[in-house]
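The values are calculated or read from the model by the stated rules, or taken from the named source; none is laboratory data. Remember, predicted model here, so these are calculated numbers, not experimental data. In this analysis, Cβ positions are derived from the backbone assuming ideal geometry, glycine residues included, and neighbour counts consider all displayed protein chains.
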Amino acid sequence: MGFKYGTNQSSLTSDLAAPLGYGASGSFSAQLSGKSPNTTYYYKAYVREYNASAQQYEYRYGSVVSFKTKAIATASVTTGSATNISSAGATLQGSYSGATGTVTDRGFYWGTSSASIQNPTTSTPTVALGSGSSSGSFSGSLSSLSTSSTYYYRAFVVEYDESQGKYVDRLGSIQSFTTLAEGQVSRGYLDCYEVPAVSASGTGSSGEETYGSTKWRLWSTSTSTQKVVTHTFQQNGKVIRNYTAMVDKNKKAPLWSAFVMHADVFPDDNVGRSGSWNPDPAFGDDWQQSSSDSNYSRGHFVASNYRQNKNNGSTSDSNKQTFYYTNQALQWQDSFNSGVWSNLEQAVAGHAPTGRDTLYVVVGTLYESSKTSSGVPVPSHFYKLLMKCSFNSAGEMTAASGCAYIFTNEAHSGESYTDSKFRTTIDSIEQRTGIDFFHNVPDNFENTAEQSSTPLW
């Protein structure tokens with residue numbers, strides 16, 4: 001005797017045995033534990049009875065009934081880096097996942113000391129953003145702040161816990177930012193639509209590029225082994241941003257690189273691979289990988305064929321910049337770099353929009369294993385995030401759509417990048433990396449686009 005149960009009433013495959021009992025009739029019960037909160041379960045009772053005429057045991061079942069477990073507060077909350085920092089304000093970033101109870105509010109506690117938000121009360125200043133679903137990213141703005149001052153903040157989610165019969169605060173870690181001095185320049189290139197949230201502030205340092213007459217700009221972050229660099233070039237006398245990358249000293253490679261694909265800005269002039277691998281002038285040698293491996297290629301983040309345009313007459317400084325050591329990581333060559341990854345690169349280049357549409361791209365790596373080659377960490381995965389945005393004649397965003405691709409760093413013989421197993425959502429990559437991508441895109445467009453895995457073409 002016992003119970004068959006499961007979350008699908010037409011497929012009750014799990015078994016819970018009841019204490020044995022014998023007789024023509026009787027009641028029995030069994031304790032079910034360890035189940036998911038806020039979930040409907042179906043079950044039916046059974047007894048195993050011996051049929052003397054058939055000389056075999058047979059099961060007799062009761063009708064199917066159900067119950068629903070109580071929702072408890074389970075949201076995991078992450079406090080992101082502040083963006084759009086000015087002398088009087090900033091934009092706060094947060095995200096959460098795994099909520100099983102009803103989310104009635106999201107937002108940020110903030111104050112002028114970390115102690116003031118360590119144990120928030122009803123009098124603690126907040127940025128309240130309202131209810132939400134079981135997961136998502138959110139942002140809120142602070143204004144009228146004092147110049148050159150440090151502020152502390154933490155993301156929160158209010159979730160109803162049925163087991164306690166009350167609303168529960170789920171909190172992220174405490175982060176801080178410092179407002180700029182009066183008249184200080186904002187972060188410029190770091191506020192572009194596709195640049196992920198980074199804990200950098202101020203104007204950054206700069207220096208001469210290896211190619212052309214423009215400059216690189218370098219920002220330090222709150223992590224001493226990570227810096228953000230932007231490379232620019234000149235085209236018809238105008239400074240154009242090529243790409244922005246987060247470089248990790250321990251990995252000797254970028255963690256991500258963010259850039260724009262637009263056929264009007266980066267036309268394919270068929271200049272070919274005009275560069276050769278060279279050190280990035282913004283970094284010392286101890287930040288860069290000069291060694292190579294027979295099994296691995298230097299996998300481009302910003303592909304060479306993304307920058308095949310003539311920048312100044314017969315030169316292509318933008319292509320040469322794609323051959324900096326800080327624009328590559330060790331990538332398995334056979335059927336990955338030369339196969340599915342290359343095919344995806346070509347597809348992205350072939351679908352670079354014109355007019356008022358822009359394709360924003362982030363390429364990055366995961367290090368979910370401890371594999372090394374020639375003393376350099378080998379990425380476990382490469383991913384590519386795409387967000388296509390449309391704008392009206394006033395430059396206001398009117399629509400956005402997104403999807404993501406992720407691959408293990410190994411051979412992919414006979415496979416295509418179009419296989420559904422390689423496609424996922426931007427949200428899912430955010431959860432694995434802890435990085436807030438496309439955070440400068442307005443929330444009403446960003447949130448929907450980051451939940452989609454539908455191909456853009």
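Determine whether the stretch 379-396 contains at least one residue that is of a type in the set (F, W, Y), surrounded by 21 or more Cβ atoms within 10 Å (Cβ to Cβ), at positive phi and in contact (Cβ under 8 Å) with a residue 40 or more places away in the chain. No, the stretch 379-396 contains no residue that is of a type in the set (F, W, Y), surrounded by 21 or more Cβ atoms within 10 Å (Cβ to Cβ), at positive phi and in contact (Cβ under 8 Å) with a residue 40 or more places away in the chain.
Of all the residues that make up the stretch 417-457, how many are under 19 Å from S342 (Cα atoms) and touching a Phe, Trp or Tyr at 6+ places or on another chain (Cβ under 7 Å)? Here the count works out to 3.
Only one entry in I435, I406, I429 is in contact with a His (Cβ under 6 Å, 6 or more places away or on another chain), under 30 Å from N250 (Cβ atoms), at pLDDT 95 or above and buried (at least 16 other Cβ atoms within 10 Å of the Cβ), namely I406. Checked against (1) touching a Lys or Arg at 6+ places or on another chain (Cβ under 8 Å); (2) modelled with pLDDT under 95; (3) within 22 Å of T424 (Cβ to Cβ), V376 passes all but a single condition, namely (3). Meeting the requirement of 2 or more residues that are of a type in the set (A, V, I, L, M) and either in the same structural domain as F233 (by TED's automatic domain parsing) or crowded, with 18+ Cβ neighbours inside 10 Å (or both), the strands (runs of 3 or more DSSP E) wholly within the stretch 96-201 are 150-161.
Annotation note: Cβ proximity below 7 Å between a residue of the stretch 180-207 that is within 17 Å of T223 (Cα to Cα) and a residue that is charged (D, E, K, R) and at pLDDT 85 or above (sequence gap 6+ or interchain) occurs for P196/D436; A197/D436; G204/R217.
Filtering the stretch 231-254 to residues that are β-branched (V, I, T) and either more than 20 Å from L359 (Cβ to Cβ) or at pLDDT below 95 (or both) leaves T232, V239, I240, V247.
Restricting attention to the stretch 370-410, which residues are out of contact with any helix residue (DSSP H, G or I) (no Cβ under 8 Å at 6 or more places or on another chain) and either in a loop (DSSP other than H, G, I, E, B) or not assigned by TED's automatic domain parsing to the domain that holds R423 (or both)?
Hits for the stretch 370-410 are S370, K371, S374, G375, V378, P379, S380, N392, S393, A394, G395, E396.
One residue stands out among those in the stretch 17-50 that are closer than 28 Å to A75 by Cβ, at pLDDT 85 or above and touching a Lys or Arg at 6+ places or on another chain (Cβ under 7 Å): the one that is surrounded by the most Cβ atoms within 10 Å (Cβ to Cβ), which is Y41.
Let's see how each residue does on (1) in a strand (DSSP E or B); (2) surrounded by fewer than 19 Cβ atoms within 10 Å (Cβ to Cβ); (3) outside the structural domain of D248 (by TED's automatic domain parsing):
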| position | (1), (2), (3) |
| --- | --- |
| S290 | no, yes, no |
| D293 | no, yes, no |
| G299 | yes, no, no |
| K310 | no, yes, no |
| K320 | no, no, no |
| L330 | yes, no, no |
| D334 | no, yes, no |
